Amino acid sequence: MLDKNFNPKSFEKNFSFDIEASRRKADGDPFMVLLPPPNVTGSLHVGHALCFTLQDILARYKRLKGYDVLFQPGLDHAGIVTQLLVEKQLYDRGAEKGSVSREALLKEIWFWKESSACAVIEQLKTLGISCDFSRLRFTLDEGSKRAVAKLFVKLYNDNLIYRGERMVNWDPQIRSAISDLEVVEKEVDAQQWYIKYRLEDSNDAIVVATTRPETIFGDVAIAVNPRDRRHKKFIGKNAYVPLIDRLIPIVADEYADSKKGSGAVKITPAHDFNDFEVGKRHRLPIINIMNDRGELNGAVPEIFQYMDRFEARRVVVDFIEKKGQLVKVENIKHMAPFGDRSGAMLEPLITNQWFLDAARLAIPALEVVRNGQVVFSPKHWENIYFEWLNDIKPWCISRQIWWGHQIPAWYGPDGQLFVAETAEEATQKAVNFYGKNSVELVQDNDVLDTWFSSGMWPFIVLGWPQNSEEFERLYSNMMVVTGFDIIFFWVARMIMMGIYATGKVPFKNVYIHALVRDEKGRKMSKSKGNVIDPLVLCEAYGADAVRYTLASMSSPGRDIKMNQKSIEIGRNFLTKLWNAVRFAQINSCLYCSEFDVNSVKHPLGQWIVQKIKTMILDVEVAVENYRFDEAIRLIQQCVWNSFCDWYMELIKPILQSDSLVVAKNCSTNSSVQNTLLKKDIRDVTGWAILQLVRVLYPFTPFIAKKLSGELEVTDMSWPDAAAIDIDGSDSLRCIGRLQEAITSIRSMRQCLGVSPSEKLEISVESASQELIDVVAEYGDAFSRMAGVSVVRDIAGQSIPLVVDSGIIHVGFGDRIDVVEEKKRLNEIKKKFVQIKAESQKKLRNKNFLSKASADVVQEHNDRVKTLNERITQLDHAIKSLELI
RNA sequence: GGGCGCAUAGCUCAGCGGUAGAGCACUACGUUGACAUCGUAGUGGUCGUAGGUUCGAUUCCUACUGCGCCCACCA
């Protein structure tokens, strides 16, 4: 028997994670969900909780449906983030910066990774994410390493990977290159200095505006716009770079914008992406003045050497000012690039890096989305995908850090490059190349961008490059659920690399879920302190409630604004469900396996069976369309409204009374009939609860498991709605009549301020035979729910209550205010007349009749007819009031 | 500068070419044997603005306004 109090902690913790249940089934159609591997660094946020919950709903739903489901878990080594984190821990423990060797650091990270991985998995389990944890993979495990090396070599041999000196975004804090995607632009307060560059052979000077005066040592030209009259005279002349008096040419280039700054721009090809291009066009030299720490290097005058870039900026400005070459300073706001991980201001820097020719891989990746082989939901994310891939730049894949896949490239003593899957292979190549017996090779120090291995994840986890049966079965049959922020980072790369490596798309469906924001709609971030920890929510409300609420708020194309209190939506619903099942238990409504739902004869039973059948079918559609919000709404409505508010209230008299009014046409021994009826209702109720629990299982697995256990049912399969075949239309109409009558009486009671404890007399003599029958059949429930006793003749005065099926007379003793009551009825009539008039107007419109669909015309005809009846009844009721 | 999304009840959001919905909040009443994490009944909306298409527009189209986001630009 269930406890009186619903306490999720009492059972959620008790369910040790069921690995068996999360394993694949041999039969069934294949379906795979690829969990976006969370960073091994740590704690999951609500966004993860949402993302994983939605995937888990899909995985569990498909399992119940009989699919062969693989829900593949994994962890990402998250190169830069993890290395920074562990380094910081080491420094915090007293290690000196720069003193830790590569081997020592890697050892430390591997050690730390073990415990962190466990913590992440525990969080997944707490949320009830039913991955097959026996198959847990890590993006830096041996299998991943082999696959990465293999693909790298293949790409290299196909000239899709190359090494070269290019300008990249450089993070001076991490001291590594990063990819364009890892650059975040932020608006910053800055200053713009106007500096005089003296001209050669003249006392004249040209004024150049710059926000980066420290880079003047790398200046190789000044560019002006050829159509800029102010500067035309300077073109072809030379100017002296301040402080160092190096002569540089003044060139004409469209890049110079006469509206910006002074109209003349200094060209520093080594430290600006645009200047680099201008430099190439004019064959200008490249002078690199910065080292990898963002300090000025040996190419600058000695006093500036090893000076930090920001310090150098101040000093340079100071010197220029003293020399009288500073014209003015402006305070401006402008966008500057920062590293998304370190937060440091980035430097464009020319370095030797490895690049992937993404543009070539993008061609088929674009095609598969265009032709519908891969479908995004919601659809509009495809535009974002196209936009990025259409203009994709070479991807810088090398990082100057240690934690990651070390690049499978080796150098000979003379710098000769050998790219191979293993050191042995590389050595063999070198031996052949040099014609010697042995060669000492040095492996490239760099590691690959973390997203390189992430992009290979769909086939890595399926054992690529081995072409297993599993791979054949599941690859291309998977589903990816993720946030829009990693469409470029991850989704696009999985498609590109998947097609390249295997010739097939890794998945057909990508569902992009909402972004979880705080209650004010701000993005959650540690610095704002508005982060909600899903574990805290699970602790407070239970994991089911968290899952339920997140799913209910997950409507497409809209971000989720949430606060902790919103989890009450789920908690309250589950409490209601819990109590409903408790009620069933108290009344011995258990699931009976011999029970045949199609044999249900009692209208109440037919009614709830019908409601549940419809709900199941609708939920199926909703889930298949990733409308998790819709699914939750449907379930909640069925459970709370149909099952609890109506069905359970209506069956109470049958279950609880020994002397119930015998159903119509039951002429034989009434106690025998009672017992049969009770048994019938109990069976239906037990059956109904089991269906509700099964439908809820994908969404709220813990409570579903607990409740199905209470019903002594272990088999969890999705209810087969198609097998439910009863004609419940009469029951639906009949219970509908009952509902309307009860609601109307309750409403009138409230309106007249009659205490709920006071029984009212009603008479249904003027109603249709159908309503008379229904009231007779459900007399007890009716009396109880409406707080009335049904009589033939009302003792005192009565008010006519007009419902769909006729007039119910309600006795109100001497409380009746005839004038008020007439007014009320007239208001209702007025509304009906108005609606009727609208329909009639349409029906008089020839265009409407000829152009509107037959259904709609019929609907309006029916409406007019129904309203006529009700208006007649209202008139009748008003007239009867006048007789009082 | 280019693009995308959103605008519906006090709040959070569904919906939809044919009589505007839910949850929360609010008001009134209520602890009748599943449930106060509850029940019953209510209050509350010219569906952002202006045009257009249509027999009919909250729904489709266009423009505009406001909010949010992505990409690009960075002297």
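Tabulated values for the structure
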quantity	calculated
Cβ-derived FRET efficiency at R0 22 Å, A:Tyr411 paired with A:Glu165, nearest 0.05	0.90
Evaluated over the range A:96-158, the Cα radius of gyration and Dmax, each in Å	16.5, 46
Net +/- balance of residues flanking A:Pro556 in space, Cβ distance below 13 Å, scoring K and R +1, D and E -1	0
Charge dipole of chain A about the Cα centre (unit charges at C-beta), most positive-ward option of A:Met648, A:Asn238, A:Ala177	A:Asn238
Whole-Å semi-axes of the range A:575-615's equivalent ellipsoid (Cα gyration tensor)	20, 14, 9
Listed residues A:Gly47, A:Ile286, A:Ala358: farthest to the positive end of the dipole of chain A (Cβ charges)	A:Ile286
Unsatisfied cross-links (Cα-Cα over 32 Å) in the set A:Lys678/A:Lys705; A:Lys266/A:Lys393; A:Lys679/A:Lys759; A:Lys822/A:Lys865; A:Lys107/A:Lys504	A:Lys107/A:Lys504
Those trypsin sites (Lys or Arg not before Pro) in the range A:400-484 that DSSP places in a loop and that have at most 15 other beta carbons within 10 Å	A:Lys436
Selected from A:Phe595, A:Val623, A:Ile608, residue furthest toward positive end of dipole (the range A:585-628; charges at beta carbon)	A:Ile608
For the range A:795-803, 3J(HN,Hα) per residue [Karplus equation, 6.51 cos²θ - 1.76 cosθ + 1.60, θ = phi - 60°, Hz, x = Gly/Pro]	5, x, 6, 9, 10, x, 10, 8, 10
Rounded to whole Hz, the Karplus (6.51, -1.76, 1.60) HN-Hα couplings of the range A:534-544, x for glycine and proline	x, 5, 5, 5, 4, 5, 7, 10, x, 5, 4
For A:Leu760, distant residues with modelled amide H under 5 Å away	A:Val788, A:Ser789
Kirkwood-Stokes translational diffusion coefficient of the range A:342-494, alpha-carbon pairs, 4 °C, 1.567 mPa s, µm²/s	71
Computed over the range A:56-188, the ratio Rg/Rh where both radii use C-alpha atoms and Rh is Kirkwood	1.05
Estimated dipole of chain A in Debye, rounded to 20 [Cβ of Lys and Arg +1, of Asp and Glu -1, Cα centre]	2020
Efficiency of FRET between A:Lys323 and A:Phe273 - r from beta-carbon atoms, R0 41 angstrom, step 0.05	0.85
Net charge over other residues, Cβ less than 15 angstrom from the Cβ of A:Thr215 (K, R count +1; D, E count -1)	-2
Per DSSP, loop trypsin sites (Lys or Arg not before Pro) in the range A:309-409 with at most 16 further Cβ within 10 Å	A:Lys323, A:Lys379
For chain A, share of DSSP beta bridges that run antiparallel, in % to the nearest 5	70
GluC sites (Glu not before Pro) within the range A:615-649, DSSP loop, no more than 12 other Cβ atoms inside 10 Å	none
Spread of Cα-to-Cα distances over 10 Å intervals beginning at zero, given as percent, for the range A:473-555	15, 33, 28, 20, 4
46 Å tail of the calculated P(r), chain A, as % of Cα pairs	48
The range A:517-540-the range A:576-643 distance, computed between alpha-carbon centres (Å)	34
Projected area averaged over orientations for the range A:324-403, convex hull of C-alpha atoms, nm²	10.4
Square roots of five times the Cα gyration tensor eigenvalues for the range A:304-362, Å	34, 16, 13
Environment charge of A:Ile178, counting only residues whose C-beta is closer than 10 Å and scoring Lys/Arg +1, Asp/Glu -1	-3
Dmax and Rg, reported as Rg then Dmax, of the range A:1-132 (C-alpha, Å)	19.1, 63
Angle in degrees between helix A:729-752 and the longest Cα principal axis of chain A, rounded to the nearest 10	90
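Every number here is computed from the coordinates shown, using simple stated rules; none is lab data. All values reported here derive from a predicted model rather than from experimental measurement. Quick reminder, even Gly has a Cβ in these numbers, built from the backbone with ideal geometry, and neighbours come from all protein chains shown.
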